[in-house]
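One structure below.
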Amino acid sequence: SNNQLTGSIPTEIGLLSDLRWLPLSNNQLTGSIPSEVGLLSDLMELELYNNQLTGSIPSEVVLLSDLLLLRLYNNQLNGTIPTELGVLEKIEATFNLSSNDLTGTVPMELGNMSNIEKLDLNSNRLTDSMLHLGN
C-alpha cells in the first residue's frame, strides 16, 4: 500500500501460492485484475482499492474460499457483480465495491455472506436499491 506503484498487476501474481494478504491499495495501478488472483488459495485479504483498475471483476475471485475481506473500491471497474461471489461465505469483515462503474443488479447470492460486517456498493450504476443479507 501507498508505494506509488504504476503499471498493471502481473499475471505472475498467481505464483505466490502462500500469500495470505495482498495490499496493493493507494497506488496508480492500471489495467484489469488478472484472473490469476484465483490461484492465491490461501488469500484472506484482497485490497486493491484507490487505484485506476479497469475491466470486470474476474469470476476466479470465487476460488478464494478463505477470503475474509474484499476491498476493490475507488477504481474504474465495470461490468456486473459476479453472482458467484455469493459463495464467499467466510467474508466477515468488509466487502466494498463502491465508487466504481459497476452495472446491473445486485446479485441476491450476496445474501449468503451472512457473517459480513460491512457491505458497500455505493456510487456505482447498480439498479437494485435494497439487498437482504442473512437468512
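A few points about this structure:
- E36 modelled with pLDDT of 95 or more, open to solvent by 20 Å² or more (accessible area, probe 1.4 Å) and assigned to a helix (DSSP H, G or I): yes
- Answer from L97, L126 - the residue that is touching a residue at least 40 places away in the same chain (Cβ under 8 Å) and in contact with an Asp or Glu (Cβ under 9 Å, 6 or more places away or on another chain): L97
- Checked against the criterion of being more than 24 Å from N2 (Cα to Cα), assigned to a strand (DSSP E or B) and open to solvent by less than 50 Å² (accessible area, probe 1.4 Å), the candidates L102, L85, L29, L46 yield just one match: L102.
- Answer from E12, E92 - the residue that is acidic (D, E), open to solvent by 40 Å² or more (accessible area, probe 1.4 Å) and either within 12 Å of the chain's Cα centre (by Cα) or farther than 26 Å from R125 by Cα (or both): E12
- Selection from the range 88-97 of residues that are in a loop (DSSP other than H, G, I, E, B), farther than 14 Å from S56 by Cα and not basic (K, R): L88, E89, I91, E92, A93
- Qualifying residue in the range 63-75 (condition: in a helix (DSSP H, G or I) and on the phi < 0 side of the Ramachandran plot): yes
- Subset of the range 116-126 that is at pLDDT 90 or above and in contact with a Gly (Cβ under 9 Å, 6 or more places away or on another chain) - its residue that is most open to solvent (accessible area, probe 1.4 Å): R125
- A count restricted to the range 7-25 and to residues that are in a loop (DSSP other than H, G, I, E, B), closer than 19 Å to N75 by Cα, in contact with a strand residue (DSSP E or B) (Cβ under 9 Å, 6 or more places away or on another chain) and not β-branched (V, I, T) stands at 2.
- Whether a residue is farther than 24 Å from S114 by Cβ, in contact (Cβ under 8 Å) with a residue 40 or more places away in the chain and open to solvent by 10 Å² or more (accessible area, probe 1.4 Å) was assessed, and S1 passes this test.
The values are calculated or read from the model by the stated rules, or taken from the named source; none is laboratory data. Model, not experiment: these values are computed from the prediction. We place every Cβ from the backbone using ideal geometry, glycine too, and count neighbours over all the protein chains shown. Surface areas here come from the heavy atoms of the whole protein model, side chains and all, with no ligands, DNA or RNA. Shrake-Rupley method; radii C 1.70, N 1.55, O 1.52, S 1.80 Å.
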